[in-house]
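What follows is one structure encoded as structure tokens, with my remarks underneath.
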Amino acid sequence: MLKTRKKAIALACMLSGCAQVEVRNADVGPGGTVTTEAHTKNAVLGWIPSVTPGNRPGIDHWTRIRVIAPEGATECRSGSLFSRGGPQAKGKPDKDRAVMLTAREGDRTAHFACDTPGGEIKRSVDASVFQLPPTANGWTFGKFYVLPPLVHMDPREPDAEARWAAIAAEVCPAISDGPSTLPCQAGMMERFKAVDLAH
């Protein structure tokens, strides 16, 4: 009886828009992962037999991206009509015109828009594809679509090359011989830079 009542309350809460969402690692650096968990969604759908702690429907992962806004931009956003921008979907550029936004981890394209005195400026950038080599016993894994940690709304920015040189050390500090995160795998930063600067 108590479990049924909790499910009914959770369903009513979800339908009325009072879902509780927990955000973890919100201040992670560019290229890092922010995780959101919608507890109400998990409570409502948790009865489905295929739902386990590892694949709960209320958990989402988002890549944090440093976006360099155009001159005079007052606000920038991530996301599009078909893909949400995540827990940090909008923000105001700082004195260096940088704003941290999120896009869904694994998306093949990230979409951004900035408001300027001359109107809205939009930009979309593709993820880079990475595939892990086969394991010693021959197992292979699927492709990973990895979004860049840095995006210039104008790829012709004069300081873009310098920003890429600086962010490479920030995202992948030389603290180990074998970088563990996908953005730090061999050749990934070069691919991100080529996509961003449209080389």
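Measuring r between the beta carbons of Thr140 and Thr116 and using R0 = 45 Å, the FRET efficiency lands at 0.50. Pairs of Cα atoms in region 105-199 fall into 10 Å distance bins, from 0 up to the last occupied one, in shares of 14, 41, 31, 11, 3, 1 percent. Residues whose amide H falls under 5 Å from that of Gly32, counting only those 5 or more places apart or on a different chain, are Arg64, with hydrogens built in the peptide plane.
Readers should treat all values here as calculations from the given coordinates under stated rules, not as data from a laboratory. Keep in mind that this is a model prediction, so the values were computed, not measured. Because the Cβ atoms are built from the backbone with ideal geometry, glycine has one as well, and the counts that use them run over all protein chains shown.
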